[in-house]
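Asks: Let me give you the structure first, and then I'll get to my questions.
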Amino acid sequence: DAHHAARLVARQALPMYRAGRIVTLRRWFDWFDDHDRMDGQPGVAVVGAWVSALTGQAATVERWVEVAERGSGQDQLPDGRTPIAGVLAALRAALCQHGVERMLADAEHAEQVIPPASSWRPVVLTLIGIGHLMTGNPERADGALADAVEVAGDDGALPAASVALVERALIAFSRGEHGPASPRRRP
C-alpha cells in the first residue's frame, strides 16, 4: 500500500535524518521512485526532496518538488500540523535558486505557515538567520539563529542546532567576540 507507506516514511523521515540514517532514508525514497509510486504522495515527495537536497541529488530534488507541488489535495504532512506548502517554501529558501532576497522571503513565509509545534521549525529559523546574514543584517541573523538553537534544543533537532551555532560563532568572530555565545531571543 503505497499511500500507507508514504505516510509512514513522511512521518519518520525527520527523526531518521536526525539519527544519521541517510542511507536508510535514500532506500525508502528510492523505493517510491523505482516502483513509480511518487505521484499522489506530496508528503513523502516534499520530504524526499529535502533528503535529496541534503545528499546532493539535484535532479531528484526537482522531480520530487514537482510531485509535491502537484499534490495539492493533501495539505499537511502526516504529523497533522505541518503544511506541505510551508515545507516547500523552506526548501525553496534552502535551495536559494532565485537570489538571497527571495531566499529570505521564502524562509519568512515558511515561518508564518509552519506552526511553532512543528519539527520543521528549527530548520526554518536557521534559514531565516542565514538569509539575514546573507543580506547584510548580522544582528537579525544572530537573533533568528539564537531562536533556532533554542527551538532545536527543545525538539532534538541537532543538525539544525549545529548549523545555527556555527553561524552564530562566525557572527561573533566577525565582531571580535571570542567568548561563548549567549542565548538571546530575536527582537
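Asks: So if I place +1 on the C-beta of Lys and Arg and -1 on the C-beta of Asp and Glu, and nothing else carries charge, what would the dipole magnitude of the chain be about its Cα centre? I want it in debye, nearest 20.
Replies: Magnitude of the dipole: close to 360 debye.
Asks: Looking only at Cα atoms, what is the convex hull volume of the chain per residue, in Å³?
Replies: Residue-normalised Cα hull volume stands at 111 Å³.
Asks: To test your reading of the geometry: what angle, between 0 and 90 degrees and rounded to tens, separates the Cα axis of helix 42-54 from the longest principal axis of the chain?
Replies: 50 degrees
Asks: Could you run the Karplus curve 6.51 cos²θ - 1.76 cosθ + 1.60 with θ = phi - 60° over the stretch 13-24 and give me ³J(HN,Hα) per residue in whole Hz, x for Gly and Pro?
Replies: Computed from phi, the couplings for the stretch 13-24 are 4, 5, x, 5, 4, 4, 8, x, 8, 5, 4, 4 Hz.
Asks: Something else: Calculated from DSSP H runs of 4 or more alone, at -39500 (n - 2.57) each and per residue, what is the 222 nm mean residue ellipticity of the chain, nearest 500?
Replies: -23000 deg cm²/dmol
Asks: For the stretch 13-53, just list the percent of Cα-Cα distances falling in each 10 Å bin from zero outward, please.
Replies: Spelled out per bin, shortest first, that is 31, 58, 10.
Asks: Follow-up question, since we're still on this one. What residues have an amide H closer than 5 Å to that of LEU77, excluding those fewer than 5 places away on the same chain, when H is modeled at 1.01 Å from N in the peptide plane?
Replies: Placed amide hydrogens put THR82, ILE84 under 5 Å from LEU77.
Asks: Of the accessible area of the chain, with the probe set at 1.4 angstrom, what percent is carbon plus sulfur?
Replies: The computed percentage sits at 54.
The values are calculated or read from the model by the stated rules, or taken from the named source; none is laboratory data. Here the structure is a predicted model, which means the values were calculated and not measured. Heads up, the Cβs are rebuilt from the backbone with ideal geometry, glycines too, and the neighbour counts pull from every protein chain shown. Areas reflect the complete protein model, heavy atoms only, side chains present, ligands, DNA and RNA absent. Shrake-Rupley method; radii C 1.70, N 1.55, O 1.52, S 1.80 Å.
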